[in-house]
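To start, the structure under review is shown below, and the notes come after it.
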Amino acid sequence: MLEEMFNPNSIAVVGASNNREKIGNILVRNIKTSYRGKLYPINLKEPEIEGLKAYSSLKEIGSKVDLVIISVPREAVVDVMMEAGEAGTRAAVIITSGFREVDEKGKELELKIMEVAKKYSIRFLGPNTMGFITPSFNATFAYEDVKQGNIAIVAQSGGMGAYMLDWAEKTKTGLSYFVSLGNQTDLNEIDIFHFLADDLNTKAIFSYIEGVADGERFLAEVPDITAKKPVVFIKGGTGKYGAMAVQTHTGSIAGSIELFRAAVKTVGGILVDNLDDFLNLVAIIQSDEKFLSDILVVTNSGGHGVLTTDEIERQSLSLINLTDSMKTELRKILPDQSTPKNPLDLSGDASGERFMMAMDLIKGLECTKIVLVQELATVSCVEVAKVLAKFKGRKIVGVMMGKDSESALRILSSAGIPGYNFPEDAVKAIKHIVNVRPPVKKIRISEPVKGSLDFIKGKSTLSDEFSFKLMSLYGIRVPEWDIVSTLDEAKSFCNKIGYPVVMKVSSDQPIHKTEIGGVIMNIDESNLESSFKTLISKMGKVMIQKQLNGVEVFLGGLNDASFGPSILTGPGGIYVEVLKSISYGLVPISENEALEMMTESKVLSLLQARKRNYDVDATIRAITGMSRMIEDLGIKEMDINPLIVTQDDAYAVDIRIVL
């Protein structure tokens, strides 16, 4: 069906018009000037539109039309879809807006459209879409004249799509396809990705997305797509007000940016935070180079070299060390005032010839080479660009800074070498491309541990007692503990486990104990009685634990509406909300993924700081244990805060579970 949509032998525009300010007219003009197949304008009154015979209905055409493009008032769309289905059409684009993104009436109409589409096996794009562009024709109401190329753009927002088309035209970036998704009532981003993944004209897919229509399908199918070609995402609706705007914009649920980031990483995609990074990736992806995280900076400006290395450090990339033999060779071409090191400063009097000699020496180094030139009296950007063009295939990224930078960038582009105006843009693009993880498919199988279902049956939350027992079933250690209601019971248990101990109020409902003054630490025989009396008056039950010393880690879990069971980790205790250094992962979490999450959230640094050697393996086991628990039991929300990590194990000391 997508073949008929994107490569039709005939197209009808329902709602075509002779009024050149109307979308129906712009669509006809754009298609007419680019399409070689049969084009049928549909208008109830006009006999001719833009020099083409017009028809009063699809039925009047008298033959099947492969693709119907609909731009009529929303109340008429259902009837047009029925007429298209009866005429044998199996592909449609609904330009009309005003559906679920507007009101309940629009939502009802959208559902009716879907019913008709299913009845007649019509696959359709939209509603609320600006259309699409293929290598053969422009079926949008945008005026841009985009040159053909190998980058596909898939945009959920028409406005963002128009911006990207404008950008492509201004930068002379060639596109294979542009697809505006609209409300995604039928076809969604994954359907389009599959088509583009198999399209020989497309080298990479760039997608602006506001909400994932089907998170489980995203996780299951996008890995197959990223295995074929790069997919780059930028997401709208990442903040509170942006998320609200998304719902009124396309009727989508924005979802958590953190979980979306985890999902993109899992499936092997690339997620960027802003449009600059999004568009800057085009240059580096269009080249066929395999760039590395190890970098050598070559420049004729020491200051620019310093700023570039600062950005390399910020992006967690590395500078290579030059060997002694390489330094010896470089000294032969450098002026006396220059020292062969990384960044390699060729000096402000460097000519194109010195750049050529330097490149000839370093070309074989197994690293990414950022070559930055500042236009000076001795050299122009164009001169250096011509030099770099001779070293295609040597993992080179150019940064051109001068009056002739645009001409220099065109030379680099023609040579297939990525080029940028600023070093920060180059470094970020390298970071995104080298940090792509091999795609992983999350296979979720629920196998509850024996006895675990008994703890949760018929409950909406778990008490402290059942929460701690559940931890033990899933291999997550807990400190020695008991729940008591009398002073004698408290004294007896404390004498059994030894001092110091921690006392907490014990609740049958998940609560933040510290917020109600419900936790007392460093209890010994001298203050046991007073501490017990303080806490027993608050809740009626008191939990006593052996007091532990170690690093506090936060583990959280939730069942996301889009992506299902997920795990969070970061610094624990009060720091979880203060530092907000949290890493997200999608269940099931492997040991390698757990370690990656600990690294990203700085938990690993906390455990290994000053060679303290807290138990990393035990922390990994706790993360993977929680991963299994959430998947097996369908837990809605839970957190362990803190998980106290000692030098020989990791212990869950406070647990909240919502089922």
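The values are calculated or read from the model by the stated rules, or taken from the named source; none is laboratory data. All values derive from a computational prediction rather than experimental measurement. Please note: Cβ atoms are built from the backbone with ideal geometry, for glycine as well, and neighbour counts cover all protein chains shown. Protein only, heavy atoms only, side chains kept; ligands, DNA and RNA dropped before computing areas. Shrake-Rupley method; radii C 1.70, N 1.55, O 1.52, S 1.80 Å.
The set of residues in region 591-614 being out of contact with any Ser or Thr (no Cβ under 7 Å at 6 or more places or on another chain) and small (Gly, Ala, Ser) consists of 605, 609. Please verify whether region 47-66 includes one or more residues that are free of Cβ contacts under 8 Å to residues at least 40 places away in the same chain, open to solvent by 60 Å² or more (accessible area, probe 1.4 Å), in a loop (DSSP other than H, G, I, E, B) and within 20 Å of residue 97 (Cβ to Cβ). No, every residue in region 47-66 fails to be free of Cβ contacts under 8 Å to residues at least 40 places away in the same chain, open to solvent by 60 Å² or more (accessible area, probe 1.4 Å), in a loop (DSSP other than H, G, I, E, B) and within 20 Å of residue 97 (Cβ to Cβ). Here residue 580 meets the list (1) touching a strand residue (DSSP E or B) at 6+ places or on another chain (Cβ under 9 Å); (2) more than 16 Å from residue 260 (Cα to Cα); (3) crowded, with 17+ Cβ neighbours inside 10 Å almost entirely, failing just condition (3).
Residues checked against (1) more than 38 Å from the chain's Cα centre (by Cα); (2) under 26 Å from residue 21 (Cα atoms); (3) not aliphatic (A, V, I, L, M):
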{"residue": "77", "(1), (2), (3)": "no, yes, no"}
{"residue": "81", "(1), (2), (3)": "no, yes, no"}
{"residue": "93", "(1), (2), (3)": "no, yes, no"}
{"residue": "141", "(1), (2), (3)": "no, yes, yes"}
{"residue": "148", "(1), (2), (3)": "no, no, yes"}
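Checking each residue in region 71-101 for being touching a residue at least 40 places away in the same chain (Cβ under 8 Å), part of a loop (DSSP other than H, G, I, E, B) and hydrophobic (A, V, I, L, M, F, W, C) picks out 72, 95, 99. Close Cβ contacts (under 9 Å, 6 or more residues apart or on different chains) running from residues in region 413-430 that are more than 16 Å from residue 307 (Cα to Cα) and assigned by TED's automatic domain parsing to the domain that holds residue 232 to residues that are at pLDDT 95 or above and part of a helix (DSSP H, G or I) are absent.
When restricted to residues that are free of Cβ contacts under 8 Å to residues at least 40 places away in the same chain and within 22 Å of residue 434 (Cβ to Cβ), region 315-331 contains 4.
Within region 635-652, how many residues turn out to be in a loop (DSSP other than H, G, I, E, B) and of a type outside the set (D, E, K, R)? Break it down stepwise before answering.
Initial filter on region 635-652 (in a loop (DSSP other than H, G, I, E, B)): 635-636, 646-649.
Pick out the ones that are also of a type outside the set (D, E, K, R) and you get 635, 646-647.
Going through region 635-652 one residue at a time, the tally reaches 3.
Run down 112, 105 and say which single residue is open to solvent by 40 Å² or more (accessible area, probe 1.4 Å), charged (D, E, K, R) and in contact with a helix residue (DSSP H, G or I) (Cβ under 8 Å, 6 or more places away or on another chain).
It is 112.
Within region 635-654, the set of residues being within 19 Å of residue 543 (Cβ to Cβ), within 27 Å of the chain's Cα centre (by Cα) and among the aliphatic types (A, V, I, L, M) comprises 638, 640. If you go through region 607-636 and keep only what is surrounded by fewer than 21 Cβ atoms within 10 Å (Cβ to Cβ), under 15 Å from residue 549 (Cα atoms) and at pLDDT below 95, you end up with 612, 613.
The rows are residues; the columns are (1) modelled with pLDDT of 95 or more; (2) among the acidic types (Asp, Glu).
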residue	(1), (2)
33	no, no
41	yes, no
48	yes, yes
52	yes, no
77	yes, no
83	yes, yes
86	yes, yes
90	yes, no
94	yes, no
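The residue list 569, 534, 514 contains one member that is outside any loop (DSSP other than H, G, I, E, B), out of contact with any Lys or Arg (no Cβ under 8 Å at 6 or more places or on another chain) and under 30 Å from residue 212 (Cβ atoms), which is 569. When residue 540 is tested against (1) modelled with pLDDT under 90; (2) under 42 Å from the mean Cα position of the chain (by Cα), only condition (2) is not met.
Determine, yes or no, whether residue 114 is closer than 24 Å to residue 72 by Cα, assigned to a helix (DSSP H, G or I) and of a type in the set (A, V, I, L, M). Yes; evaluated as a whole, the condition is true for this residue. Scanning region 438-478 for residues that are touching a residue at least 40 places away in the same chain (Cβ under 8 Å), open to solvent by less than 50 Å² (accessible area, probe 1.4 Å), within 28 Å of residue 648 (Cβ to Cβ) and in a helix (DSSP H, G or I) yields a total of 6. Taking into account only those residues within region 408-437 that are of a type in the set (S, T, N, Q) and open to solvent by 70 Å² or more (accessible area, probe 1.4 Å), which is nearest to residue 474 (Cα to Cα)? Looking at the filtered set, the residue picked out is 435. Inside region 637-659, can you point out the residues that are among the charged types (D, E, K, R) and either surrounded by fewer than 21 Cβ atoms within 10 Å (Cβ to Cβ) or free of Cβ contacts under 8 Å to residues at least 24 places away in the same chain (or both)? 637, 648, 649, 656 - these are the residues of region 637-659 that are among the charged types (D, E, K, R) and either surrounded by fewer than 21 Cβ atoms within 10 Å (Cβ to Cβ) or free of Cβ contacts under 8 Å to residues at least 24 places away in the same chain (or both).
Do you know which of the residues in region 518-533 that are of a type in the set (A, V, I, L, M, F, W, C) and under 19 Å from residue 654 (Cβ atoms) is most open to solvent (accessible area, probe 1.4 Å)?
Ranking the qualifying residues of region 518-533, first place goes to 521.
Criterion applied to 190, 205, 225 was being open to solvent by less than 30 Å² (accessible area, probe 1.4 Å), modelled with pLDDT of 95 or more and out of contact with any Leu (no Cβ under 9 Å at 6 or more places or on another chain), and the one residue passing it is 190.
Only residues that are within 16 Å of residue 341 (Cα to Cα) and free of Cβ contacts under 8 Å to residues at least 24 places away in the same chain were counted in region 361-377, giving 0. Inspection of region 277-295 identifies at least one residue that is open to solvent by 30 Å² or more (accessible area, probe 1.4 Å), in contact with a Cys (Cβ under 6 Å, 6 or more places away or on another chain) and of a type outside the set (A, V, I, L, M, F, W, C).
Counting only strands (runs of 3 or more DSSP E) that sit completely within region 117-176, those holding 2 or more residues that are open to solvent by 10 Å² or more (accessible area, probe 1.4 Å), over 16 Å from residue 69 (Cβ atoms) and at pLDDT below 95 correspond to 148-155.
Count of region 315-331 residues, restricted to those that are at pLDDT 95 or above and open to solvent by 50 Å² or more (accessible area, probe 1.4 Å), is 9. Scanning region 611-627 for residues that are over 12 Å from residue 594 (Cβ atoms) and not in a loop (DSSP other than H, G, I, E, B) yields a single hit, 611.
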